[in-house]
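See structure below.
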Amino acid sequence: MNENCASCRNCYRLEKLDYSGQSCEHTAMDGYICMAFANVGIACWMVGKDINSGMCECYTPREE
């Protein structure tokens, strides 16, 4: 398995849930969410970075 953001346990896809109408509209958003700093209440919306080649010092492999 390649070590990159896409294979990191802290990486989540980003989806907008819009409740402003009569139903809930789901829309996939650009980028992804990094939860590496969730323990301090921060979710990082990552944009402009290739999920398949980027990686930071917080990389943690997904458990299989």
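Worth a mention:
- Flag for A6 being assigned to a loop (DSSP other than H, G, I, E, B), surrounded by 10 or more Cβ atoms within 10 Å (Cβ to Cβ) and on the phi < 0 side of the Ramachandran plot: no
- Subset of the stretch 32-57 (residues that are of a type in the set (G, A, S) and at pLDDT 95 or above): A36, A38, G41, A43
- Residue check for M1: surrounded by 10 or more Cβ atoms within 10 Å (Cβ to Cβ), of a type in the set (A, V, I, L, M) and not in a strand (DSSP E or B): no
The values are calculated or read from the model by the stated rules, or taken from the named source; none is laboratory data. The structure displayed is predicted, hence computed values, not measured ones. All Cβ positions, even for glycine, are placed from backbone atoms using ideal geometry, and neighbour counts span all protein chains on display.
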